[in-house]
Structures are given as C-alpha cells and as structure tokens.
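Here is the structure we will look at.
The values are calculated or read from the model by the stated rules, or taken from the named source; none is laboratory data. Just so it is clear, the model here is predicted, and its values are computed rather than measured. Because the Cβ atoms are built from the backbone with ideal geometry, glycine has one as well, and the counts that use them run over all protein chains shown. Side chains included, ligands, DNA and RNA excluded: accessible areas come from the protein's heavy atoms. Shrake-Rupley method; radii C 1.70, N 1.55, O 1.52, S 1.80 Å.
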Amino acid sequence: TDVGSIKTDLQVKSNKSKPVEYSGTIATTNFNLSKLFPQVKFVGPMSLSAEVKGKGLKSEELDAQFDGIVQSIFYNNYQYNDVKVDGLFKKQVFTGFVVSKDTNANFDFNGSIDFNNKVPKMDFISTINNFDLEKTHFSTPQLNGKVSSQILINLNGHSIDNLSGQVNFDNTIYKNKEK
C-alpha cells in the first residue's frame, strides 16, 4: 500500500474479554508508521524483520517480546541502518538491548525506560562509539561534531524540575572540524 509493505507469519488469538495474542514473524519494507499513526512523529519508513510474541495492541495493554533487525528506519530526517533490538515491552516499560552499527550512529543500549510518567524513568548503560550530531540532525550548526562516550543513566522524576538520580559520562570525546 502507500503505507508500505508488511509480510507476516503470525498466529493470532482474539477473545473479546482479553487483549489479542500473537506470536510469529513480521517483516516490513518501507513501512511508514507516521502515515498509519499520525501521533507517531519524527518516524518515517522502516524496513525490519523480527520475531514477536505478545498480547495487546494499545500501549497501556502491550506485553510483547521483540527480537529483530531493523534494516533501516527514518527518525528525525535521518535513515538509521542495521539496528538490532532484543527486548520486552510490558506495562509501558521497555527492557532490553539495542545495538546500532550505523556508520553515523554506532552505539549500544542495555537497560530499561519506563514511559508511565510524563518524564520517562531511565535506568541503562550505553556505549556510544560514534554519533555524528550533524548527520543525524541532533545539533545546531555551531555544535556539529561527533561524540563518543560511555553513559550510565539512572533517573526518576515526574517533571524536568524534580528529576533525581545519576548521570555518569566516562571516556567522553567530542570532536568538531576545528578540534
């Protein structure tokens, strides 16, 4: 369709009193989530292949395991390639691993992000081998450069004004064209 292509081999169980259950494989080619769900902003076409097992379709009832490769996904007007995701999304909490081998966004993530509050609760460690702020559109022209770091984050709070926790940056390097 004009939204993209989806190929599935899923077993689906539906019961009016329970959330829909599913298990199997899913593959997409240039599937554009933002065309299907307008509230999903900044995400463009994606191509992926994954195994999924879970129940629920709405974020508040979703309880699903996901293990797959995102061959490409557009986010913030940049196409990320070769991203491995292995995790669980349950009760609006993602727990798992993400490994990106993209040439401009080479990083890993191990931990959890809880989306139950206005400000997500974060508890993870991430190693950023290379993140190009200009090419991924995460900076203004005066701050364009590349970053590498090991980051440990454990934050909790209901707004930016009452955050508490720990943010630790180790072996951090920022390079721009001059230095």
Subject >> Hits in the range 59-74 (condition: surrounded by fewer than 16 Cβ atoms within 10 Å (Cβ to Cβ) and of a type in the set (Ser, Thr, Tyr)) >> reply: Ser59
Original post:
Going by the structure shown, is Asn77 of a type outside the set (A, V, I, L, M, F, W, C) and at negative phi?
Top reply: no
Subject >> Unique match (being in contact with a Phe, Trp or Tyr (Cβ under 6 Å, 6 or more places away or on another chain) and open to solvent by less than 40 Å² (accessible area, probe 1.4 Å)) among Gly56, Gly4 >> reply: Gly4
Original post:
Which of the following residues is loosely packed, with under 13 Cβ neighbours inside 10 Å and either closer than 19 Å to Val83 by Cα or β-branched (Val, Ile, Thr) (or both): Ile160, Ile128, Ile151?
Top reply: Ile160
**OP:** Considering each of Phe31, Phe42 in turn, give the residue that is within 30 Å of Leu133 (Cα to Cα) and open to solvent by 80 Å² or more (accessible area, probe 1.4 Å).
**Re:** Phe42
Original post:
Within the bounds of the range 91-103, is there any residue that is under 25 Å from Leu57 (Cβ atoms), in contact with a Pro (Cβ under 8 Å, 6 or more places away or on another chain) and among the small types (Gly, Ala, Ser)?
Top reply: no
**OP:** Quick one: in the range 10-49, of everything that is out of contact with any Phe, Trp or Tyr (no Cβ under 6 Å at 6 or more places or on another chain) and of a type in the set (A, V, I, L, M), which residue is nearest to Val70 (Cα to Cα)?
**Re:** Leu48
Original post:
Residue check: is Asn77 under 29 Å from Thr127 (Cα atoms), in contact (Cβ under 8 Å) with a residue 60 or more places away in the chain and out of contact with any Phe, Trp or Tyr (no Cβ under 7 Å at 6 or more places or on another chain)?
Top reply: yes
